[in-house]
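The structure follows.
Rule-based calculations on the coordinates, nothing more; no lab input. A quick note: this is a predicted structure, and the numbers were derived from the prediction, not measured. Please note: Cβ atoms are built from the backbone with ideal geometry, for glycine as well, and neighbour counts cover all protein chains shown.
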Amino acid sequence: MVPRYGADVVGGAELGARLLAEHLVALAGAEVDVFTTCARDHRTWADHYPEGTTVEAGVRVHRFRSASGRHPDFDRRSAEALANPTAADRATQERFFVLQGPVCPAALDAAEASAADRVAFYPYLYHPTVVGVPRLRRRAVLHPAAHDEAVLHLGVFDEVLTAPAGLVLHSESERRVVERRAPAAALLPQLVLGLGVDGPAPGDEAAARAALGLGERPFLVCVGRVEATKGTTLLVELFARYKERRPGPLALVLVGPPGEDAAPPAHPDVVVAGRVDEAVKWGLLRGAVALVNPSAYESFSFVVLEAWLAGTPVLVNAWCDVTREHCRRSGGGLWFGRYADFEVALDRLLAEPSLRAALAARGLVYAQEFSWPTVVERYCRFLASLPSP
């Protein structure tokens with residue numbers, strides 16, 4: 001049960017759910033049904049795909065029209081619940097999730113009526129999960145994809161995080177977040193699974209450089225939605241300050257769709273590439289001095305592991321427990337918490353090719369632990385171990 005589903009849906013949690021479903025079919029021979037809305041855009045939840053059932057990469061996808069999407073005034077009205085989430089009453093919380101959307105009772109009814117042995121809900125944040133997990137309880141498996149953010153502290157999650165048969169988590173840091181929020185969740189069966197990562201894929205550095213007009217310049221690359229909430233505005237500001245103090249040919253390439261907020265500040269050495277095909281993306285990952293992931297809120301971060309598979313070190317935001325955990329466990333990357341850290345890390349990465357190579361080599365070993373066959377086998381074993389609903 002996911003709020004939106006499709007090969008052209010942009011979003012980390014949604015991508016994780018789709019890839020897991022497809023690989024369960026391909027590698028384990030499982031029968032997988034997805035119950036979802038007709039939406040593609042999480043900013044409106046407007047119907048986009050046709051209603052009905054299709055088969056996509058072996059997965060049966062059942063789409064239903066939503067009763068309501070995101071209210072146009074949601075951002076302003078959400079403060080009623082989020083200004084002091086622990087004090088919000090039940091009616092205020094219910095209004096928050098209805099205004100946020102998507103509200104799709106038909107999809108939840110169909111999931112409940114299905115013959116599925118388990119119903120996986122992914123992620124924790126939206127109305128279908130908030131209503132569905134307490135309704136299906138021990139038949140449900142929750143993939144929270146949780147961050148320590150204001151929404152998580154709404155009282156409704158006392159039940160959502162403790163009602164299912166089990167929890168499937170992306171990282172140890174996510175597990176700690178969930179258990180701090182709902183200590184009783186520690187009593188549930190849990191699996192720290194992560195996600196499977198495909199790659200490395202074809203992609204030539206020279207062709208990628210030519211496609212974006214980079215010439216022979218050294219460059220950093222950032223892959224993901226280009227919006228302030230994903231840290232790209234912060235990254236451009238840090239990079240601009242670095243170039244003031246360290247003039248030279250270094251460029252920053254931002255790869256990904258524009259977000260819902262204002263574009264990052266313009267800078268002559270920042271290339272806003274937008275969406276690129278997979279070959280260009282992998283070529284950029286292979287050619288970069290480092291991948292930079294500036295987001296403070298990640299539940300897994302595919303692109304960090306993809307960078308390591310491409311033979312490139314990473315630089316991440318120290319305030320993101322998940323990406324910092326990847327770097328600490330692997331020895332494959334550095335992190336920054338303020339500008340001084342950013343400057344020192346970049347100076348070292350640019351000046352020490354041997355350091356870049358050592359970081360990339362360690363990261364590669366770590367990334368290979370997340371092969372899809374390994375992830376699918378662990379997931380199936382966990383589901384089989386859960387008590388009968």
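Which angle from 0 to 90°, rounded to the nearest 10, does the C-alpha axis of helix 127-136 make with the longest principal axis of the chain?
Its long axis makes an angle of about 50 degrees.
Follow-up. Express in nm, to one decimal, how much length is gained between ALA262 and THR54 on full extension, taking 0.36 nm for each residue of separation and deducting their alpha carbon distance.
71.3 nm
Considering Cα pairs under 8 angstrom that are at least six residues apart, work out the relative contact order of the chain and quote it in whole percent.
The value is 13 percent.
What is the angle, in °, between the Cα long axis of helix 90-100 and the longest principal axis of the Cα atoms in the chain? Nearest 10 is fine, range 0 to 90.
The angle comes out near 60 degrees.
Between ALA279 and ARG328, take the C-beta separation as r, use R0 = 30 Å, and let me know the FRET efficiency to the nearest 0.05.
The formula returns an efficiency of 0.45 here.
If you don't mind, there's one more thing I want to ask. Check TRP335: other-chain or 5+ apart residues with amide H under 5 Å from its amide H, H built from backbone geometry?
Amide H to amide H, under 5 Å and 5 or more residues apart or across chains, TRP335 pairs with VAL316.
What whole number of Å gives the distance from the Cα centroid of region 304-368 to the Cα centroid of region 79-144?
What the calculation gives is 36 Å, centre to centre.
Given region 47-141, what percent of its DSSP beta bridges are antiparallel, to the nearest 5?
75
Let me ask something additional. Using 7 Å Cα-to-Cβ label points, what is the ARG43/ASP73 separation (nm, one decimal)?
Spacing of the two 7 Å Cα→Cβ label points: 2.1 nm.
Whose amide H sits under 5 Å from the amide H of PHE219, counting only residues 5 or more places off or on another chain, with H placed in the peptide plane?
Result for PHE219 returns ALA251, VAL289.
In whole Hz and in residue order, list the ³J(HN,Hα) couplings for region 10-24 that follow from phi through the Karplus curve 6.51 cos²θ - 1.76 cosθ + 1.60, θ = phi - 60°; x for Gly and Pro.
Once rounded to whole Hz, the list reads 9, x, x, 5, 5, 5, x, 5, 5, 5, 5, 4, 5, 6, 4.
So what is the 222 nm mean residue ellipticity for the chain from helices alone, if each DSSP H run of at least 4 adds -39500 (n - 2.57) and you divide by all residues, rounding to the nearest 500 deg cm²/dmol?
-12000 deg cm²/dmol, from helical runs alone.
Using alpha carbons only, how many degrees (0 to 90, rounded to 10) separate the axis of helix 339-351 from the longest principal axis of the chain?
Orientation of helix 339-351: about 60 degrees from the principal axis.
Rounded to whole Å, give me the distance from the Cα center of region 1-39 to that of region 154-183.
Here the two parts' Cα centres lie 22 Å apart.
Shifting gears a bit: Give me the distance in nm between label points sitting 7 Å out from Cα along the Cα-to-Cβ direction at ALA30 and ARG245, one decimal.
4.8
Please give the length that would be gained between GLU216 and ARG65 if that part of the chain were fully extended, namely 0.36 nm times their separation in residues minus their C-alpha to C-alpha distance (nm, one decimal).
Roughly 49.4 nm would be gained on extension.
What fraction of the DSSP beta bridges in the chain is antiparallel, stated in percent and rounded to the nearest 5?
Taking every DSSP beta bridge within the chain, about 20 percent pair in antiparallel fashion.
Something else about it: Two decimals is fine: what is log10 I(q)/I(0) at q = 0.14 Å⁻¹ for the chain, from a Debye sum with one equal scatterer on every Cα and no solvent?
With one equal scatterer per Cα and no solvent, log10 I(q)/I(0) is -1.28.
Fully extended, how many nm does the chain gain between GLU172 and ARG378 (0.36 nm per residue separation, minus their Cα-Cα distance)?
72.6 nm is the gain from fully extending GLU172 to ARG378.
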